[in-house]
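Notes to accompany the following structure.
Values quoted throughout were computed directly from the atomic coordinates according to the rules given, and no laboratory measurement underlies them. This is a predicted model, so every value here is computed, not measured. Methodologically, a virtual Cβ is constructed for each residue, glycine included, from the backbone with ideal geometry; neighbour enumeration extends over all protein chains shown.
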Amino acid sequence: MTGAEISPVPREARPYQGHSAGLVTRIVANTIDALVVGVIVGAIYLGLVSFKFLLDPLSFVWPSGNFLVSLTTTLFIATAYLALGWWLLGRSYGDHVMGLRVVDRRGRRLGPLRALLRAAFCVFFPIGLFWCVVSPERRSVQDVVLWTRVVYDWVARPGASQRKTLLGEAPMALGPAATSEPRGPVPEHETDAHTRSRYRREDLEESPDPSER
Amino acid sequence: MSKELTTSGRPVAVPQLGPEARLALDVALGVAGVTVGAAVVAVRTVHRVTAPLTRLLWHPPLVPTRFHPATVVADLARTGGADREELRRRAEVLLDAWVPALVAMIVERIDITQLVEDNVDLDQIVSTVDLDAAVARVDLDAAVARVDLDTAVARVDLDGVVSLVDLDAVVARVDIEAIVDRIDLDAVAAKLDVDAVVARADFDAVIDRIDLDAVAAKLDVDAVMARADLDAVIERIDIVGIIGEVLDVIDLPAIIRDSSGSMASETVRGVRMTGINADDALSRVVDRALFRRRHHNASDAPQ
């Protein structure tokens, strides 16, 4: 790496890139995701109602919603939405708005199974999020159990800012989420690939979470 | 009263006539002249008187022409003429053989140069010669063409000649400016095969000899830049091409897409930064409440 790359991240936000996200940001992101899920559920409901109206407009009455079915459907949709987002993109829409990314312990995007488990865990046990307040590593219960992390990453696509340097070299062969790996407190001027890689490993492997013991 | 001649180095006395002898000679000549005149008159008279008879004798009548005394005499004269011619030819052969030898013997005994110097007024002779006309008549071109200059030059000891010349004095006398003024430098330059000259030049050796540091130190860069037509230079630069290459390397479109996709508005950026600051503030509060030393994770990040 030469450090000659041009990053789209604002200067004031660059030191935080790769650091674990705190509670406030994650709550805002989750709220946005909840709104998105609500919109999706509402759209599905309206779609079904419209379909029913088209089938029999004369005898149409607004369907009386079954709370349990609606709740189950909503939770299922939320789980599917989050699982697909974390698996395919590494982030949901709320994460995207707040500049967050969900990664595994090595900084890579989650696999489908782990994404699904984490989504279900988050949907059915949302209170686990608050463990990140007391966790020195800012890890929620879901993160602790599934060995994941939520990090600041304002770059839209994984590795977009380091895909090509002025020397035409590939940035780092650390996987598709190379630039979204959690990073330690690296001074801004210290851009050596080896140094950064070392910080990441130490940050992830040598910083035990009290809850894991 | 006698001039001296030298014959084979020995002086010889030339005899001179005295006045009496000269008088006697004149008298003799006068008598001879009168005699000759009288004889001529007598002969003419006799000839006039005897002419008819002589004619009759030379051409007698009734005698065939080939037997006329005139004819016989004419034949004899013709034969005599042929003999005379033959005799003259033989005499010439003899003279050709003898005269050079005799002249050589004579010249050997006479100092002709001295004789000419004593008796000939050379200055007067030369003064009568029209040298200009003589020179005008000389075909100098032909004369020069006949000269074998190569051989002549080969015989000259040029080194010796040059060593004798005081070149300093010669150069001091030369008016170089006048010479340069007379030279048509344009014509000389037009004849010059610059390519051939440049091809022969050893530029590396020349450059090695040049003290470029000294040259650069003397250079007035400001003046050079003031004279430089930077606009023309910039016009020649393919700025568009250079920018294209740079954009290819840094992949600017991808960066623009990233930035516009993730941080389209200042609002999103502000919300994100507010969230980060709130996270840090909350972490500090919790750390203080738990009497925990601030962990290096996120709280060490520059504020």
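Listing for the model above:
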item: Helix runs (DSSP H) in chain B reaching 24 Å along axis by Cα, Kyte-Doolittle at least -1.0; result: B:19-49, B:69-109, B:266-289
item: Residue-averaged beta-carbon neighbours from other chains (10 angstrom radius) around B:38-45; result: 0
item: Calculated from backbone phi, Karplus (6.51, -1.76, 1.60) coupling profile of the stretch B:212-218 in Hz, x at Gly/Pro; result: 5, 4, 5, 4, 5, 5, 7
item: Rough spin-label spacing in nm, given labels placed 7 Å along Cα→Cβ, for A:L75 and B:T65; result: 18.4
item: Cβ neighbours within 10 Å from other chains - mean over A:128-138; result: 4
item: Cα lying deepest toward the dipole's positive end in chain B, options B:V188, B:P69, B:A223, charges on Cβ; result: B:P69
item: Sequence ranges A:48-61, B:147-160, ranked by mean other-Cβ count within 10 angstrom, highest first; result: A:48-61, B:147-160
item: Highest to lowest packing among A:9-15, A:94-100, scored as the average C-beta count within 10 Å; result: A:94-100, A:9-15
item: Alpha-carbon Rg with Dmax, taken over the stretch B:151-203, Å; result: 17.5, 41
item: Computed magnitude of the charge dipole of the stretch B:204-254 (debye, nearest 20; Cβ of K, R +1, Cβ of D, E -1); result: 180
item: Computed E for B:A189/B:V240 - FRET, C-beta separation, R0 45 angstrom, nearest 0.05; result: 0.65
item: Radius 10 Å from Cβ of A:V24, net charge of other residues (Lys, Arg +1; Asp, Glu -1); result: -1
item: Per-residue average of Cβ from other chains inside 10 Å of A:146-156; result: 3
item: Calculated from backbone phi, Karplus (6.51, -1.76, 1.60) coupling profile of the stretch B:167-172 in Hz, x at Gly/Pro; result: 4, 4, 5, 4, 5, 4
item: Estimated inter-spin distance, B:N277 and B:M225, nm [label 7 Å along Cα→Cβ]; result: 4.4
item: Ellipsoid semi-axes in whole angstrom, largest first, where each is sqrt(5λ) of the Cα gyration tensor of chain B; result: 135, 33, 20
item: For the stretch B:176-234 versus the stretch B:69-139, the gap between their alpha-carbon centres in whole angstrom; result: 77
item: Rough spin-label spacing in nm, given labels placed 7 Å along Cα→Cβ, for B:R209 and B:V41; result: 10.8
item: Three-way shape call for the stretch B:202-242 based on the alpha-carbon gyration tensor, with the a/c threshold at 1.5; result: oblate
item: Relative contact order (%) - chain B, alpha-carbon pairs under 8 angstrom, separation at least six; result: 13
item: Net charge over other residues, Cβ less than 10 angstrom from the Cβ of A:W87 (K, R count +1; D, E count -1); result: +3
item: Positive minus negative residues near B:E85 (Lys, Arg vs Asp, Glu; Cβ under 15 Å); result: +2
